[in-house]
Ligand SMILES: Cc1cc2nc3c(=O)[nH]c(=O)nc-3n(C[C@H](O)[C@H](O)[C@H](O)COP(=O)(O)O)c2cc1C
């Protein structure tokens with residue numbers, strides 16, 4: 001039987017009702033890392049819209065792991081508690097709630113995009129950032145953010161932060177933990193030769209650069225219940241062909257190791273490590289070929305993201321076996337009800353929220 005956008009996806013003991021995921025998207029609207037009314041409405045309305053999975057934005061495992069001061073965090077039980085009602089609401093709607101666990105590494109301590117995304121000096125509310133090497137991110141504007149090369153102790157601390165974050169997330173009802181290994185943030189910084197010039201067992205060869213990210217995935221898997229899936233988001237390439245960098249071959253080599261470390265689905269994105277990146281094109285489905293390449297290298301499920309905007313396109317992605325999950329970001333900013341509309345357009349009968357039943361047929 002051909003699978004389609006509305007074929008449930010079974011991962012571990014979870015049945016995801018359809019193949020649409022709301023991509024993680026920073027809202028820069030948390031207060032001291034705490035979820036606010038914005039998160040409740042934003043995440044909640046996308047669950048009302050019928051997406052099979054709603055993934056939170058990058059949720060920092062520590063204050064220093066934030067991108068901006070407005071990032072969501074889960075570095076204390078109180079932070080997790082602030083998300084609990086929203087998680088319960090999403091589950092009651094039949095959506096599977098996921099949390100993207102993240103550490104921003106050297107890309108932290110910046111203002112939100114609407115204030116320019118520029119570095120915040122330490123004496124103006126910013127913070128020193130951690131990275132594999134003491135090489136600051138080359139922000140086009142502003143002074144570089146002070147960047148410390150991580151010691152082995154730092155790495156143990158960050159691993160413990162991911163572990164505690166995952167435990168808290170499970171405690172409040174999240175059903176998927178996604179480890180953020182993409183977009184030039186801390187774990188991607190270990191993978192990429194652009195940002196990792198360590199000379200210990202965490203730098204140099206592919207095996208060494210992959211070691212810490214794999215340790216983190218194993219740590220999360222270790223505390224995440226066996227019956228629930230772990231996702232990992234990767235950047236398939238740095239888009240820096242002219243210098244030693246992370247590329248598709250590295251990704252193809254990495255994904256079986258991620259699966260061995262406990263990843264059930266690889267969410268395939270790209271880029272973000274350096275402002276010199278040369279993005280070839282970003283039209284419809286621009287990263288789908290990367291997802292296909294990754295799928296060839298692993299038995300884990302694969303999600304495609306980037307420029308997926310229409311029901312037909314998302315449905316074809318699944319029908320043609322190019323990916324197991326259609327992940328949509330910006331389209332969900334335009335239309336929280338994408339999935340309900342997709343069902344209507346594709347002629348599939350799905351349950352609507354009873355409150356919205358009158359809007360079902362034009
Ligand atoms: C406002 C905004 C915030 C984002 N924040 C995150 C994030 O927190 N974590 C992440 O992995 N990707 C983040 N992304 C990237 C999206 O998840 C997605 O991969 C990207 O927008 C491409 O998909 P699209 O073409 O469907 O939007 C963000 C994108 C946008 C537009």
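Since every read-out is calculated from the coordinates, none of them should be taken as a lab result. Everything quoted here is computed from the prediction, not taken from an experiment. Cβ atoms come from the backbone with ideal geometry, glycine included; neighbour counts cover every protein chain shown.
Here the residues 127, 75, 246, 224, ranked from fewest to most Cβ neighbours within 10 Å of their Cβ, fall in the order 127, 75, 224, 246. The helix-based estimate of mean residue ellipticity at 222 nm for the chain, built from -39,500 (n - 2.57) per DSSP H run of four or more residues and divided by its residue count, is -10000 deg cm²/dmol to the nearest 500.
The angle between the Cα long axis of helix 37-48 and the main principal axis of the chain comes to about 50°, on a 0 to 90 degree scale. With 0.36 nm allotted per residue and the present C-alpha distance subtracted, the residue 243-residue 330 stretch has 28.3 nm of extension available.
Ranked by the mean number of other Cβ atoms within 10 Å per residue, highest first, peptides 277-285, 234-242, 152-160 order as 234-242, 152-160, 277-285. A full extension of the chain between residue 152 and residue 118 corresponds to an added length of 9.3 nm, given 0.36 nm per residue minus the alpha carbon distance. Annotation: extensible slack from residue 341 through residue 15 equals 115.2 nm (criterion: 0.36 nm per residue apart, minus Cα-Cα distance). Here the label points at residue 2 and residue 37, each 7 Å from Cα along the C-beta direction, are separated by 4.7 nm in the simple model. With neighbours defined as other Cβ atoms within 10 Å of a residue's Cβ, the residues 163, 91, 360 order from fewest to most as 360, 91, 163. Between the Cα long axis of helix 248-260 and the first principal axis of the chain there is an angle of about 70°, rounded to the nearest 10. Cut-off 10 angstrom, C-alpha nodes, Gaussian network model of the chain. Which of 122, 87, 216 fluctuates the most? Answer for the Gaussian network model of the chain: 122.
Value of Rg to Rh for the stretch 271-362, rounded to two decimals, is 1.06; Kirkwood radius and Rg both from alpha-carbon coordinates.
The residue 205 and residue 45 beta-carbon pair, evaluated with R₀ = 45 Å, returns a calculated FRET efficiency of approximately 0.45. Each principal axis of the Cα cloud of the chain was evaluated for its coordinate range; sorted largest first, these ranges are 59, 41, 39 Å. Neighbour counting of Cβ atoms within 10 Å sorts the residues 34, 231, fewest neighbours leading, into 34, 231.
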